[in-house]
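A.B. asks: Below you will find the structure I want to go over with you.
Nothing in this text is a laboratory measurement; each read-out follows from the coordinates by a stated rule. Everything quoted here is computed from the prediction, not taken from an experiment. Cβ sites come from the backbone with ideal geometry, for glycine too, and all protein chains shown count toward neighbours.
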Amino acid sequence: MPKGLTRKREARLGAILDAAADLFTRRGYDQTTVDDILAVVGMGKGTFYHYFKSKEDVLEGVVDRLVALVVQRVEAIAEAPGLDGHTRLVQMIAAVNVEQTPDGGIVGVLHEGAIARLHQASITRTIRLVAPVLAKAVEQGVAEGVYSTPRPLETVEFLLAGDSAMFDFGMFDWTEEQFASRVAEFVRIMELALGAAEGSFGFLAEAPRQPREVPAGPGAAKDRAPRPAAREDRD
């Protein structure tokens with residue numbers, strides 16, 4: 001993505017990313033063309049190619065913006081005065097939930113075959129940027145006596161990676177019962193890993209996240225909500 005942009009160019013760039021994120025989410029990546037994006041923005045191809053080399057480059061720009069927003073949210077909480085370590089970490093966990101961001105629906109698109117590598121890259125980038133910030137909150141909690149872990153950074157990295165994999169509905173098609181049981185177990189593992197008191201993160205199990213639905217056309221990505229349990233399903 002271009003750097004050192006003027007305000008006008010930043011506005012144009014933002015308009016392209018906004019239009020692309022909306023179209024990719026509603027139609028799917030494969031069903032959206034550069035011409036579709038330009039029709040929404042009202043821009044010619046010559047201008048477009050001053051900003052992006054291809055449609056995939058635009059998608060990468062949307063993902064970069066999403067990751068940057070999550071990092072910005074977490075860093076703001078890290079700098080907020082007057083918070084104890086546990087409260088700070090709880091707020092950070094909420095901030096990391098990309099489903100609650102304007103571009104959150106794009107996550108489902110990243111499961112489409114040709115661009116799946118961007119999904120992995122976005123997870124890696126998020127963990128590398130966010131984990132050190134969350135680890136500072138854990139270190140504060142250790143100092144305050146509410147957590148007990150010798151390796152805050154590594155612990156947070158494993159928890160973020162586990163969350164990204166197990167609750168990715170492009171990877172696992174959990175039933176509602178299976179989803180709930182895995183959230184409960186994740187909470188138990190999290191509390192053990194952090195050395196936190198039982199129930200410290202129970203709110204995560206009480207209100208498990210529901211991913212956004214992405215309308216599915218031919219070949220479109222689907223970020224599915226948990227399926228209703230069926231008799232033949234097994235945990």
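A.B. asks: What ³J(HN,Hα) values, in whole Hz, does the Karplus curve 6.51 cos²θ - 1.76 cosθ + 1.60 give for region 38-50 when θ = phi - 60°, with x put for Gly and Pro?
C.D. replies: 5, 5, 6, 7, x, 9, x, 5, x, 5, 4, 6, 6
A.B. asks: If amide hydrogens are placed 1.01 Å from N in the peptide plane, which non-local residues have theirs closer than 5 Å to the one on residue 175?
C.D. replies: Answer set, sorted by chain and number: 227.
A.B. asks: Right, next: How many nm separate the modelled label positions at residue 56 and residue 31, each set 7 Å beyond the Cα in the direction of the Cβ?
C.D. replies: With each label placed 7 Å out from Cα toward Cβ, I get 2.2 nm.
A.B. asks: Given axes a ≥ b ≥ c from the Cα gyration tensor, I'd like to know whether region 7-206 is rounded (a/c under 1.5), prolate (a/b larger than b/c) or oblate.
C.D. replies: Cα axes put region 7-206 in the prolate bin.
A.B. asks: Work out, step by step, the length gained on full extension between residue 188 and residue 6: first 0.36 nm times the residue separation, then minus their alpha carbon distance; give nm to one decimal.
C.D. replies: Length gained between residue 188 and residue 6: 60.7 nm.
A.B. asks: Something else about it: Enumerate the calculated ³J(HN,Hα) couplings along region 73-81 in order (Karplus 6.51 cos²θ - 1.76 cosθ + 1.60, θ = phi - 60°), each rounded to whole Hz, writing x wherever the residue is Gly or Pro.
C.D. replies: Result, ordered by residue: 4, 5, 5, 5, 5, 4, 8, 5, x Hz.
A.B. asks: Across region 7-206, how many lysine pairs separated by 8 or more positions, or lying on different chains, have Cα atoms within less than 23 Å?
C.D. replies: Counting lysine pairs in region 7-206 gives 5.
A.B. asks: Among 201, 169, 24, which comes first, then next, by fewest other beta-carbon atoms within 10 Å?
C.D. replies: By the 10 Å Cβ count, ascending, the order reads 201, 169, 24.
A.B. asks: Calculate one ³J(HN,Hα) per residue across region 137-145 by plugging θ = phi - 60° into the Karplus curve 6.51 cos²θ - 1.76 cosθ + 1.60, and present them in order as whole Hz with x for glycine and proline.
C.D. replies: 5, 5, 4, 5, x, 5, 5, 8, x
A.B. asks: Taking amide hydrogens as modeled 1.01 Å from N in the peptide plane, which residues meet the under 5 Å criterion relative to residue 147, leaving out close sequence neighbours?
C.D. replies: Those qualifying (amide H under 5 Å, at least 5 residues apart or on another chain) are 142.
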